[in-house]
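Quick notes on the structure that follows.
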Amino acid sequence: MSVKRSVTTTIARMLIAIVVLSVLSTGLAIITLIASRTDAEAVNISGSLRMQSYRLAYDLTTNSPDLEEHIRQYDLSLKAPALAEFKRFYSPSDIQNEYRLLLERWSLLESELKGNRPKTISISYQTM
């Protein structure tokens, strides 16, 4: 037995379905955008931190008078808002842990660097 439906009702249902799918896909795109909005900045900062660590090593070996300023710049970069976003609930726990460990290690290293300007510093680092 065949049920007859009006063409208008069928078209209206299809349009509603299209609108619902459009809203869902737009919502998903916005959520993805919000979650990744600072990714590029975090990548840039991490590259800057690498360069700054080389500069700190150079400052140590040459007894540069700029060491204190470079330590301050490194600290500011390490605590930048884009990197602090790793503490958010939606960040993977292994990334949160690695960032927390990095901050702890930097705190120790910073006090060593500011305290007595050692010639050699050894810090072991293990990845998961």
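The values are calculated or read from the model by the stated rules, or taken from the named source; none is laboratory data. What you see is a predicted model, and the numbers here were worked out from it, not measured in a lab. Note that we place each Cβ from the backbone using ideal geometry, even for glycine, and neighbour counts take in every protein chain shown.
Taken together, the criteria place Ile31 among residues that are modelled with pLDDT under 95 and either among the β-branched types (Val, Ile, Thr) or in the same structural domain as Ser91 (by TED's automatic domain parsing) (or both).
Residue by residue, here is whether (1) closer than 30 Å to Glu112 by Cα; (2) at pLDDT below 90 holds:
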| position | (1), (2) |
| --- | --- |
| Val3 | no, yes |
| Tyr54 | yes, no |
| Leu67 | yes, no |
| Tyr74 | yes, no |
| Ala84 | yes, yes |
| Gln96 | yes, yes |
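Name the residues in the stretch 75-110 that are in contact (Cβ under 8 Å) with a residue 24 or more places away in the chain and hydroxyl-bearing (Ser, Thr, Tyr), would you? Those that are in contact (Cβ under 8 Å) with a residue 24 or more places away in the chain and hydroxyl-bearing (Ser, Thr, Tyr): Ser77, Tyr90.
Arg5 - would you say it is of a type in the set (Lys, Arg) and within 31 Å of the chain's Cα centre (by Cα)? The answer is no for Arg5.
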